[in-house]
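Participant: To start, I am sharing the structure in question, which I have written as structure tokens.
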């Protein structure tokens, strides 16, 4: 039968894998691509592999042939389990699909509430995306805009209590509006990725939509265009989110109570070079701080 110390090593390794998975999931970074779909399941792949190897090792108690190789199998189980920790950290670079909001309280708090609305398209993953599905793109952008410590930092480092919405595939943008209104958000920024004719396509520009006649919206629009344009492909584009192209999504601008509200289409998810840029290691962390910069300038650095 397996030596007690070897068996203990196996269980410790598997537990470390589970802990790693749970930690990544709690921070919204754990997912695995299934076609253009993303599910929070990467860690369970490695846990299943480790469990299978554990079963094979345990079979050494049943058959002498397995028993002769139990030490090799034990080492292999431990190695695979420990490797899963590193692999999950490497691949867990974008967020999960979830219906839940996530909120973080900074210290100190500057008194302003920022709600970052993620896409909730029911057909996310089937919208002509070249890479990650749109619901993932938006929430990943928002998460990094909240947490980045690059430069002057994201929303939290600047003192804004920040909510990042869920991104479930339920066409539930109105749920984000209701959540923000019930919370009393002062700033409401919708972040989606754009699409034209499906992958591959060449369209590329940064689009920020605004509410006509609302200075809180038009000036925030101008600040986001100025701060984000240097790091996003293509030029700038802007129009009213009420009555302009894409007006079917106007309710997120129209019905949010936050006086400072805009709707951003960051880049085209059916343009492969644009997608490749966004998915470059370090790009979101090193560039989404500009959201906080735009809000700071707009509000006068509260």
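The values are calculated or read from the model by the stated rules, or taken from the named source; none is laboratory data. From a predicted model like this one, the values you see are computed outputs, not experimental measurements. Heads up, the Cβs are rebuilt from the backbone with ideal geometry, glycines too, and the neighbour counts pull from every protein chain shown.
Participant: Kindly provide the set of residues from region 149-185 that are farther than 25 Å from residue 290 by Cβ, in a loop (DSSP other than H, G, I, E, B) and touching a residue at least 60 places away in the same chain (Cβ under 8 Å), ordered by number.
Facilitator: 168, 169, 170, 172, 184, listed by residue number.
Participant: Here is a further query. Show me the helices (runs of 4 or more DSSP H) entirely contained within region 186-298 in which 1 or more residues are within 18 Å of residue 136 (Cα to Cα) and in the same structural domain as residue 172 (by TED's automatic domain parsing).
Facilitator: Per the criteria, 272-278, 283-287.
Participant: In region 103-148, how many residues are out of contact with any helix residue (DSSP H, G or I) (no Cβ under 8 Å at 6 or more places or on another chain), part of a loop (DSSP other than H, G, I, E, B) and either free of Cβ contacts under 8 Å to residues at least 40 places away in the same chain or buried (at least 24 other Cβ atoms within 10 Å of the Cβ) (or both)?
Facilitator: Within region 103-148, residues that are out of contact with any helix residue (DSSP H, G or I) (no Cβ under 8 Å at 6 or more places or on another chain), part of a loop (DSSP other than H, G, I, E, B) and either free of Cβ contacts under 8 Å to residues at least 40 places away in the same chain or buried (at least 24 other Cβ atoms within 10 Å of the Cβ) (or both) number 2.
Participant: Right, next: Which residue out of 291, 205 is farther than 24 Å from residue 182 by Cβ, surrounded by 16 or more Cβ atoms within 10 Å (Cβ to Cβ) and in contact with a strand residue (DSSP E or B) (Cβ under 8 Å, 6 or more places away or on another chain)?
Facilitator: Going through 291, 205 in turn, just one is farther than 24 Å from residue 182 by Cβ, surrounded by 16 or more Cβ atoms within 10 Å (Cβ to Cβ) and in contact with a strand residue (DSSP E or B) (Cβ under 8 Å, 6 or more places away or on another chain): 205.
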